[in-house]
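Engineer: The structure's right below; bear with me while I get my questions together.
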Amino acid sequence: MNETLLQKKIDFIPHKGQLDVLKCKARIICICAGRRWGKSAVCAYLVVRTFLQGLMDVEDGKRKSVKIWIVAPTYDLSKKVFDYVVTFLLAWDKSYSKYIKNRPYPTVRFSHNVWIECRSADNPKGLLGEELDFLIIDEAANVVQSIWYDYLMPATAAKGRNCQTIFISTPRGKNWFYELYLKAKDTKSAFHFTSKDGVSITEKEWQRLKENSPHDYFSQNYEATFLENAVSVFRKVRDIIGDCLHEPEVYHRYVIGVDLAQIEDFTVLTVIDKQTHNVVALDRFQKIPYPLQIDRIEQLARRYNQAKVIVELNAIGIAVADELRAREVNVQDFRTVGTISEDIEKAGSKEKMVNKLAVDIEQRNLTIPDDKILIDELEAYAYEITPSGHYRYGAPEGYHDDAVISLALANWALKGKTKKRNVEAAKAMPSRPRKFQYY
């Protein structure tokens, strides 16, 4: 493949940083770069270069297949690279348009064994069983670590394919992408670029962005700096992990936070012991009819000593809360608001609920089990700055936040004594058992 001819025909002129990446032949390449540097364009070029060379080899009988994936947290994000791929391929040969499809997912399919496909990291089952020749992982810092190790890395290990993997991302704290980046530095296949190192952002625009952005936000998104827990809401999550799951105890009071599923999300039930502040039970399920979900919530509440159930009053929550009350379950409504600016003083605002959980985690006023899903969600949960200058909380694309909200709802009911004072008070109590009461 004549690269000079290819670049001229598709009108791709790589800048210096992109040229450095194109020269690297390592199996794993990590590109940590600020927004607007040109990550999508250079990766699309790599995809097209690999695909066209592979296509020539297939036609010459040197190989039987060319299989390339572009993976991102969601299909929408995977299309950032794919749209460039389509533009480049059509510039090379307009007749390729008949091979481009958007359903069931964006793909360029010449045959059963010759294709480029977009895949979403939020659908792990769709990542099983394939053998790849080339792999792009876009917005890698927002992809769950297990997706790489459990699903994607095995797809790159097929004998004889020598699959190259390109990780591209802006950083998100010092998570697994940071660890991968450090390993790539040992093989000189880690690249770091600020937004200004590209060609899209001028010095004037750089200064404007710097003056109008929070310091950490600018450092992470434009300077591509790996910050400690940058934009993360919950810090020191792993400090509160303990062996705390257990069956209900007599005389203990419990509270259950209920986050109800929305379409593809999960319903999560989190049970906290109000005396010890331990998360003693978790239940997570998906695609179960609401009548059965209500049965499951009721059974868990009765099992844990008639536990108080905290339900967020969204469109689904109102009906569920009403039905639980009709069954004489102790339900407490939680009304959330969208942003701080809408109702900062509202007693049950979502921001206050999340902030309380953040404080309790940092002060070790809570113990959670060593549950990978819960820990991943807590560490990924982040804030962003809205155009009006307010903070918006939520999970990044590719993550769920059901376990976080369920925990936060249950934690909201832990008022009054801290965990330490509760435990000390329990030790000071007389050994004579008191009459049991339901709460």
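Engineer: Where both partners of a DSSP beta bridge lie in the chain, what percent of those bridges are antiparallel, to the nearest 5?
Structural biologist: Values: 23 of 58 bridges.
If I count the DSSP bridges inside the chain, around 40 percent turn out antiparallel.
Engineer: Starting at the first residue of segment 279-291, write each ³J(HN,Hα) from the Karplus equation 6.51 cos²θ - 1.76 cosθ + 1.60 with θ = phi - 60°, in whole Hz, x for Gly and Pro.
Structural biologist: Running phi through 6.51 cos²θ - 1.76 cosθ + 1.60 with θ = phi - 60° gives 6, 9, 7, 9, 9, 9, 8, 9, 6, 10, x, 4, x Hz.
Engineer: Let me ask you something else. Take the chain, connect every pair of alpha-carbon atoms lying under 10 Å apart with a spring to form a Gaussian network, then pick out the residue of Q207, Q299, Q286 with the largest mean-square fluctuation.
Structural biologist: Maximum among the listed residues: Q207.
Engineer: In addition: Over the alpha-carbon set of the chain, divide Rg by the Kirkwood Rh and report the Rg/Rh ratio to two decimals. Please list the in-between numbers first.
Structural biologist: Working: Rg = 25.6 Å, Rh = 24.4 Å.
Ratio value, two decimals: 1.05.
Engineer: Express the relative contact order of segment 3-221 as a whole percentage, based on alpha carbon pairs under 8 Å and six or more residues apart in sequence. Let's see the in-between values first.
Structural biologist: On the way: 347 pairs, mean separation 66.0, N = 219.
RCO, segment 3-221: 30 percent.
Engineer: Related question: May I ask you to evaluate 6.51 cos²θ - 1.76 cosθ + 1.60, the Karplus curve with θ = phi - 60°, for each residue of segment 307-318 and list the ³J(HN,Hα) values in order in whole Hz, giving x for glycine and proline?
Structural biologist: Here the 3J(HN,Hα) series is 4, 6, 10, 9, 10, 6, 8, 8, 4, 7, x, 4 Hz.
Engineer: In a Gaussian network model over the chain where Cα atoms closer than 10 Å are linked, find which of N113, N411, N278 has the largest mean-square fluctuation.
Structural biologist: Among N113, N411, N278, the largest mean-square fluctuation in the Gaussian network model of the chain belongs to N113.
Engineer: Per DSSP H run of n ≥ 4, the term is -39500 (n - 2.57); total these for the chain, divide by its residue number, and report the mean residue ellipticity at 222 nm rounded to 500 deg cm²/dmol. Walk me through the intermediate numbers first.
Structural biologist: Working: 13 runs with 152 residues, N = 439.
That calculation yields -10500 deg cm²/dmol at 222 nm.
Engineer: Using r as the Cβ-Cβ distance of E179 and Y251, and R0 as 45 Å, what FRET efficiency do you calculate, to the nearest 0.05? Walk me through the numbers on the way to the answer.
Structural biologist: Working: r = 45 Å, r/R0 = 1.00.
After rounding to 0.05, the efficiency reads 0.50.
Engineer: For segment 107-119, what does the Karplus curve 6.51 cos²θ - 1.76 cosθ + 1.60, with θ = phi - 60°, yield as ³J(HN,Hα) per residue in whole Hz, taken in order and with x for Gly and Pro?
Structural biologist: Once θ is set to phi - 60°, the couplings for segment 107-119 become 7, 10, 10, 7, 7, 4, 10, 10, 6, 10, 10, 8, 9 Hz.
Engineer: While we're looking at this one, here's another question. What share of Cα pairs, in percent, lie more than 19 angstrom apart in segment 157-290? Before the final figure, lay out the partial values.
Structural biologist: Details: 6354 of 8911 pairs.
When every Cα pair of segment 157-290 is considered, 71 percent fall beyond 19 Å.
Engineer: What whole number of Å gives the distance from the Cα centroid of segment 10-62 to the Cα centroid of segment 286-316?
Structural biologist: 50 Å
Engineer: Under a crude label model (7 Å from the Cα following the beta-carbon direction), how far is K287 from D60 in nanometres?
Structural biologist: 4.6 nm
Engineer: With contacts defined as alpha carbon pairs under 8 Å and 6 or more residues apart, what's the relative contact order of segment 20-108 in percent?
Structural biologist: Details: 51 pairs, mean separation 21.7, N = 89.
This gives 24 percent for segment 20-108.
Engineer: Between K25 and R364, what FRET efficiency comes out of the Förster formula 1/(1 + (r/R0)^6) with R0 = 51 Å and r the beta carbon distance, rounded to 0.05? Don't skip to the end; give the middle numbers.
Structural biologist: Working: r = 48 Å, r/R0 = 0.94.
Between R364 and K25 the formula returns 0.60.
Engineer: Continuing with the same structure: With a point put 7 Å past each Cα toward its Cβ, work out how far H112 is from I316 in nm, to one decimal.
Structural biologist: Here the modelled spin labels are 4.0 nm apart.
Engineer: Here is a follow-up. Filter the cross-link list K25/K372; K9/K64; K80/K185; K64/K159; K39/K196; K64/K98 down to pairs whose alpha-carbon distance in this structure exceeds 23 Å. Mind dumping the intermediate values first?
Structural biologist: Details: K25/K372 34 Å; K9/K64 27 Å; K80/K185 26 Å; K64/K159 14 Å; K39/K196 13 Å; K64/K98 21 Å.
Beyond 23 Å: K25/K372; K9/K64; K80/K185.
Engineer: Can I ask one more? Fewest first, what order do W92, W37 take by the number of other Cβ atoms within 10 Å?
Structural biologist: Numbers: W92 16, W37 28.
Lowest to highest Cβ neighbour count: W92, W37.
Engineer: How high is the relative contact order of the chain? Use alpha-carbon pairs under 8 Å, at least six apart in sequence, and give a whole percent. Could you put the intermediate results ahead of the total?
Structural biologist: On the way: 782 pairs, mean separation 69.6, N = 439.
Computed value for the chain: 16 percent relative contact order.
Any read-out appearing in this document is the output of simple, stated calculations on the displayed coordinates, not a laboratory observation. On a predicted model such as this, the values are computed, not experimentally measured, just so you know. Here the Cβ is made from the backbone with ideal geometry for all residues, glycine too, and neighbour counts use every protein chain on show.
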